[in-house]
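The structure under discussion appears below in the form of structure tokens.
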Amino acid sequence: MSSGIASFLAGIRLIFNTPPSKLLLKALSKGVEYNDKKSTLLVEAINCMVGYNCSCLSTRFYAGLLRIILSIIVKMLGGDLNKSLESLRDPAVRRGLNLVISGLGIYGLTVPQKFPAPFLIVWNFTNVCNLRCQHCYQNAGAKLESELTFNEKLKVLDMLDHAGVAAIAFSGGEPTIHEDFIKILTETSSRGIYTALATNGWRLADPSYTRKLKRAGLRYVEISIDSTDPYKHDKFRGVKGSWYRAVKGVKNAVREGIS
């Protein structure tokens with residue numbers, strides 16, 4: 001998260017800790033149904049504020065109030081309102097904003113701030129791995145009998161989505177060698193959830209696979225490189241050629257514009 005967004009969220013915590021704003025939060029927590037999907041007035045008002053889903057009169061009213069509050073916060077921080085609104089066009093940022101405001105409505109101002117759902121979930125997607133790393137805390141390698149099916153993974157995603165989680169980081173094992181990963185990644189990003197990946201980079205050495213990740217909505221990737229010396233890295237990772245593929249994976253990710 002950028003320092004600008006972090007400052008913006010800190011300003012929201014300050015503004016929404018006043019008695020009038022607490023009454024507003026109570027009203028915004030009201031459950032609504034939009035396009036046959038359960039939501040809250042807060043979620044729909046935030047969407048409306050940046051130009052989405054403004055068909056409901058009450059949604060437009062509360063979106064106007066939120067915009068006034070946003071302009072006050074931006075002015076306090078010496079920022080640019082248009083740039084702030086532009087950042088809120090990112091559905092993951094809107095999810096984060098919803099968590100902050102909802103947390104203030106439910107718990108008030110706390111240190112650390114409590115939220116109704118985690119900002120970030122790390123999902124150990126699979127136990128399968130193609131390397132034999134010396135330090136592996138997961139004891140990864142073979143697929144576990146208890147591993148979730150594709151439909152079970154979708155149910156988990158449904159729960160995280162409905163809870164309001166803003167970001168999911170996929171880990172393992174090695175997610176990229178699992179047959180369900182691209183499909184689940186695509187579904188996750190389609191719901192406006194920020195997606196990240198922790199990987200050994202082996203499959204990202206293939207430019208076409210990295211392109212698939214980008215098209216599926218991957219926004220951030222961490223590729224492990226343990227030494228500038230290929231021999232040391234490969235020895236630590238247990239498979240010859242892993243350094244070369246990890247470095248190539250980094251280059252491909254940068255080329256595709258993945259952070």
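The values are calculated or read from the model by the stated rules, or taken from the named source; none is laboratory data. Note that this is a predicted model, so its numbers are computed, not measured. Cβ coordinates were reconstructed from backbone atoms using ideal geometry, including for glycine residues, and neighbour counts include every protein chain displayed.
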Exercise. Quick check, is Ser71 at pLDDT 85 or above and assigned to a helix (DSSP H, G or I)?
Worked result: yes
For this session: Collect the residues in segment 74-89 that are in a loop (DSSP other than H, G, I, E, B) and without any contact (Cβ under 8 Å) to a residue 60 or more places away in the chain, keeping them in residue-number order.
Result: Gly78, Asp80, Leu88, Arg89
Exercise. Can you pull out the residues in segment 130-160 that are polar (S, T, N, Q), loosely packed, with under 11 Cβ neighbours inside 10 Å, under 17 Å from Gly173 (Cα atoms) and modelled with pLDDT of 85 or more?
Worked result: Gln134, Ser146, Thr149
Exercise. Is there any pair with a first residue in segment 140-154 that is within 22 Å of Thr188 (Cα to Cα) and a second that is in a loop (DSSP other than H, G, I, E, B) and hydrophobic (A, V, I, L, M, F, W, C) whose Cβ atoms are under 9 Å apart and which are 6 or more apart or on different chains, and what are they?
Worked result: Leu148/Phe125; Lys153/Phe125
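Name the single residue, out of those in segment 45-65 being within 23 Å of the chain's Cα centre (by Cα), at negative phi and without any contact (Cβ under 8 Å) to a residue 24 or more places away in the chain, that is surrounded by the most Cβ atoms within 10 Å (Cβ to Cβ). Working first, answer last.
Taking segment 45-65 first, the residues within 23 Å of the chain's Cα centre (by Cα) are 45-53.
Going one step further and asking which of them are at negative phi, we end up with 45-50, 52.
From what is left, the residues that are without any contact (Cβ under 8 Å) to a residue 24 or more places away in the chain are 45, 48, 52.
On the way: Ala45: 27, Cys48: 23, Tyr52: 13.
Applying the filter and picking the extreme gives Ala45.
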Problem set entry | Which listed residue is within 30 Å of Lys235 (Cα to Cα), among the β-branched types (Val, Ile, Thr) and within 24 Å of the chain's Cα centre (by Cα), from Val111, Val122 | Val122
Problem set entry | Test for Arg95: is it basic (Lys, Arg), at pLDDT 80 or above and surrounded by fewer than 17 Cβ atoms within 10 Å (Cβ to Cβ) | no
Problem set entry | Whichever residue in segment 99-143 is part of a loop (DSSP other than H, G, I, E, B) and of a type in the set (Val, Ile, Thr) and, among such residues, is nearest to Val43 (Cα to Cα) | Thr110
For this session: Considering each of Lys37, Lys30 in turn, give the residue that is surrounded by fewer than 19 Cβ atoms within 10 Å (Cβ to Cβ), closer than 29 Å to Leu218 by Cα and either at pLDDT below 80 or outside the structural domain of Thr195 (by TED's automatic domain parsing) (or both).
Result: Lys37
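Let me confirm something: among Gly173, Gly201, Gly192, which residue is part of a loop (DSSP other than H, G, I, E, B), touching a residue at least 40 places away in the same chain (Cβ under 8 Å) and within 30 Å of Val43 (Cβ to Cβ)?
When all the criteria are applied, what remains is Gly192.
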For this session: Please indicate, with yes or no, whether at least one residue in segment 221-228 is over 29 Å from Ile121 (Cβ atoms) and either surrounded by 19 or more Cβ atoms within 10 Å (Cβ to Cβ) or without any contact (Cβ under 8 Å) to a residue 40 or more places away in the chain (or both).
Result: yes
For this session: Could you check, for segment 163-183, whether at least one of its residues is more than 14 Å from the chain's Cα centre (by Cα) and more than 30 Å from Phe236 (Cβ to Cβ)?
Result: yes
Problem set entry | Residue that is over 15 Å from Phe125 (Cβ atoms), out of contact with any helix residue (DSSP H, G or I) (no Cβ under 7 Å at 6 or more places or on another chain) and without any contact (Cβ under 8 Å) to a residue 24 or more places away in the chain, where the choices are Val250, Val239, Val254 | Val254
